[in-house]
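Heads up: the structure comes next, in structure tokens.
The values are calculated or read from the model by the stated rules, or taken from the named source; none is laboratory data. Just so we're clear, the structure is a prediction, and the values are computed from it rather than from any experiment. Quick reminder, even Gly has a Cβ in these numbers, built from the backbone with ideal geometry, and neighbours come from all protein chains shown.
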Amino acid sequence: MNLFKINENDSWQSLNDGVMGGVSKSQLTHLDKLAVFSGHVSLDNNGGFASVNRRVFVSNVALESELTIRVMGDGKRYQLRLKSGVQKGCPSYSAGFTTQANVWQTFRFKLNEFKATLRGKRVPDAPKLNWLDVQQLGFFISDRQEGEFCLLIDSISLDD
């Protein structure tokens with residue numbers, strides 16, 4: 001099931017370290033049939049992260065399904081993030097991946113590879129994630145990776 005078709009009408013939202021006083025910037029734009037997550041991570045004012053996310057709707061999927069992304073990055077580390085709720089205080093479930101600069105790569109993630117975090121800290125007693133509970137999907141960059149970043153996104157799908 002394709003969770004993500006490149007569509008300029010998709011409603012992506014940026015959430016950057018400005019919520020804590022930082023000055024990092026990010027956006028998701030469209031180029032041909034690709035989505036482009038790009039911006040600048042700044043460590044000024046105790047900042048250091050940038051992200052984008054959007055609502056998703058999952059149905060008719062087995063627990064053993066894998067989430068597959070096809071991306072071209074810049075050699076930096078990113079996280080794919082899922083949320084089972086949209087309210088504040090709801091943990092994110094994240095799985096990291098490291099890109100090779102200017103190389104198309106496919107990453108596959110099993111449900112148990114996503115670890116719960118809230119405001120950068122692990123949440124060991126968080127509820128188990130279920131594909132059917134996922135309401136948000138996003139990309140995140142942090143880890144003190146200051147400077148410009150760019151991640152081209154070709155596809156995101158949930159496959160049996």
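A compact table of results
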read-out: Filter result for the condition that a residue is surrounded by 21 or more Cβ atoms within 10 Å (Cβ to Cβ) and among the aliphatic types (A, V, I, L, M), over L28, L43, L34; value: L28
read-out: The range 12-29, subset within 14 Å of the chain's Cα centre (by Cα) and hydroxyl-bearing (S, T, Y), residue nearest to E146 (Cα to Cα); value: S26
read-out: In the range 138-160, the residues that are within 15 Å of T117 (Cβ to Cβ) and either of a type in the set (A, V, I, L, M) or free of Cβ contacts under 8 Å to residues at least 24 places away in the same chain (or both); value: I141
read-out: Residues of the range 67-110 satisfying the condition of being among the polar types (S, T, N, Q) and either buried (at least 19 other Cβ atoms within 10 Å of the Cβ) or in contact (Cβ under 8 Å) with a residue 12 or more places away in the chain (or both); value: T68, Q79, S84, S92, S94, T98, T99, Q100, N102, Q105, T106
read-out: G89 at positive phi and at pLDDT 90 or above; value: no
read-out: The range 3-41, residues that are at pLDDT 90 or above, under 26 Å from Q87 (Cβ atoms) and polar (S, T, N, Q); value: Q13, S14, N16, S24, S26, Q27
